[in-house]
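The values are calculated or read from the model by the stated rules, or taken from the named source; none is laboratory data. Everything numeric here is computed off the predicted structure, so don't read it as measured data. Because the Cβ atoms are built from the backbone with ideal geometry, glycine has one as well, and the counts that use them run over all protein chains shown.
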Amino acid sequence: MTEAFQPVAGLAQLSNDTPAPSPPLATRMRVQLVGGLAAAMVGPLLLRLDLLGFDENDTATPHLANTFGAVFVAVLVGYYILRRLSAFPGIKAVSYVLPVFTMSFLSVIATFFFLRLDYARLQFLGGYVIAIVWFIVIMALSHRAGSMRLALIPVGETGLLRDVPGVAWRVLESPDDMPNGCSGVVADLRADHPPQWQRYIADRVLAGIPVYHVKQVGESLTGRVEIEHLSENTLGSLNPNDTYLKIKYMIDAVAAIALLIVALPLLLLVGLLIRMDSPGPALFLQKRIGLRGAAFTMYKFRTMVAGDPAADARTAAMTLDRDPRITRIGQFLRKSRIDELPQLVNILKGEMSWIGPRPEAVPLSVWYDGQLPFYRYRHIVRPGITGWAQVSQGHVAQPNQVLEKLHYDFFYVKNFSPWLDILICMKTVRTMLTGFGAR
């Protein structure tokens, strides 16, 4: 009977001697958000009142309340999006401050324009600039101060996590070792822990110290979902949010129509340059596997010489490093991703999305399906022009690389949401500017 009460005694001692570590000041939400709101709203007002020697000849004083409300909403929305984006692995929030807050402030401006609401333009612009500066500084400090420290229970399959960067791992030597200074404990909750470690895990939970499953932490830190056993992937019923699927399709279609109208002269020019660069058609048509495993014809600008013989259909569908079949203009089109623009037609036909797992050619898809377990499950969402695997890994072709890519695709399916799509959009812009992953 005495043995049964030992964890309670240990818990009382842990609560007094080893409290859960307080997060650094710069990482606290109330400091980040309240400070940002105060700076963006009050800072321009001080300039307006000439407290800093700035004279604004603006007659928009009656619209000051509108301006305050606009800045408040823009900062609040921008911060919310930034927090959601930074929840994904490998994301440094400071890198996304400028695009996120630019988007939020422009959205508020657009709303005011359509509602014909007046506001003090110079003060609103001042709030935008100050918000950018504040969040760049505070997120940089937060990143520096918030280096993650996790304690690791050395039982089960936890050894692979020690090589994951960005975390200060502390391997616990015994159940008497306290996780001081760590923000959580990581354990393989499927492993058969000895009774001492079981009590240790229970005591940490009761003391308010988070205990994470090794797979949960691995996915969060790497952006990949391991697929050795499908029943362990916690992918739910393998059906993404149906409401967001419908909303996303409408957004895809509207954006595709708008871009087609704007980019039509560019599309015609690129087609003409391809015809001048090498003989053959401007467009390349290829059968690929899409939603629910259905084949469709995908359109691309041709970037290789036309009619080049290959050993078989699978080899012809592969693009190798420094592939000799790629034309001069094809190199540029691939690095800039301009060769993908004709897929706007596929989006309008409902065969593709802007964002999703990249569709594979039919011969490759059949081959991968025979080589890789669970490969076909990547077809439960529409394929995309860009995706999580493309911005995280780049172009791959061999089965071992495609298995790695499949881990990223399953992470996208599991975390299917507008926030992940926004992050992929931003990473895609970087990819287009740097040529990352192109062949």
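Within the stretch 365-384, how many residues are touching a residue at least 40 places away in the same chain (Cβ under 8 Å) and either not in a helix (DSSP H, G or I) or not assigned by TED's automatic domain parsing to the domain that holds D421 (or both)? Lay out the reasoning, then the answer.
Step one: of the stretch 365-384, the residues touching a residue at least 40 places away in the same chain (Cβ under 8 Å) are 365, 367, 373-374, 376-377, 379-383.
Among the residues that remain, those that are also either not in a helix (DSSP H, G or I) or not assigned by TED's automatic domain parsing to the domain that holds D421 (or both) are: 373-374, 381-383.
Qualifying residue count for the region: 5.
Within the stretch 115-138, is there a residue that is in contact with a Lys or Arg (Cβ under 7 Å, 6 or more places away or on another chain) and not charged (D, E, K, R)?
Here is the first cut: in the stretch 115-138, the ones in contact with a Lys or Arg (Cβ under 7 Å, 6 or more places away or on another chain) are 123.
From the residues that got through so far, the ones that are not charged (D, E, K, R) too are 123.
Yes.
I need a count of the residues in the stretch 185-210 that are touching a residue at least 40 places away in the same chain (Cβ under 8 Å), touching a helix residue (DSSP H, G or I) at 6+ places or on another chain (Cβ under 6 Å) and assigned to a loop (DSSP other than H, G, I, E, B).
The total comes to 1.
Pairs under 7 Å by beta carbon, first residue in contact (Cβ under 8 Å) with a residue 12 or more places away in the chain and in the same structural domain as Y249 (by TED's automatic domain parsing) in the stretch 333-345, partner in a helix (DSSP H, G or I) and not hydrophobic (A, V, I, L, M, F, W, C), six or more apart or different chains?
Going by the 7 Å Cβ cut-off, the qualifying pairs are L333/D339.
Please state which one of G181, G156, G166, G146 is at pLDDT 80 or above and small (G, A, S). I'd like the intermediate steps shown before the answer.
Numbers: G181 fails: at pLDDT 80 or above; G166 fails: at pLDDT 80 or above; G146 fails: at pLDDT 80 or above.
Residue meeting the stated conditions: G156.
Spot the failing condition for W354; the list is (1) at pLDDT 85 or above; (2) assigned to a helix (DSSP H, G or I); (3) aromatic (F, W, Y), and only one is missed.
Among (1) at pLDDT 85 or above; (2) assigned to a helix (DSSP H, G or I); (3) aromatic (F, W, Y), the lone unmet condition for W354 is (2).
Could you check the stretch 321-361 and list, in sequence order, the residues that are surrounded by fewer than 17 Cβ atoms within 10 Å (Cβ to Cβ) and closer than 14 Å to T297 by Cα?
Result: V345, L348, K349, G350.
Could you please find all residues in the stretch 293-315 being among the charged types (D, E, K, R) and at pLDDT 85 or above?
In the first step, residues of the stretch 293-315 are kept if they are among the charged types (D, E, K, R); the result is 300, 302, 308, 312, 314.
If the condition is that a residue be among the charged types (D, E, K, R) and at pLDDT 85 or above, then K300, R302 are the ones that fit.
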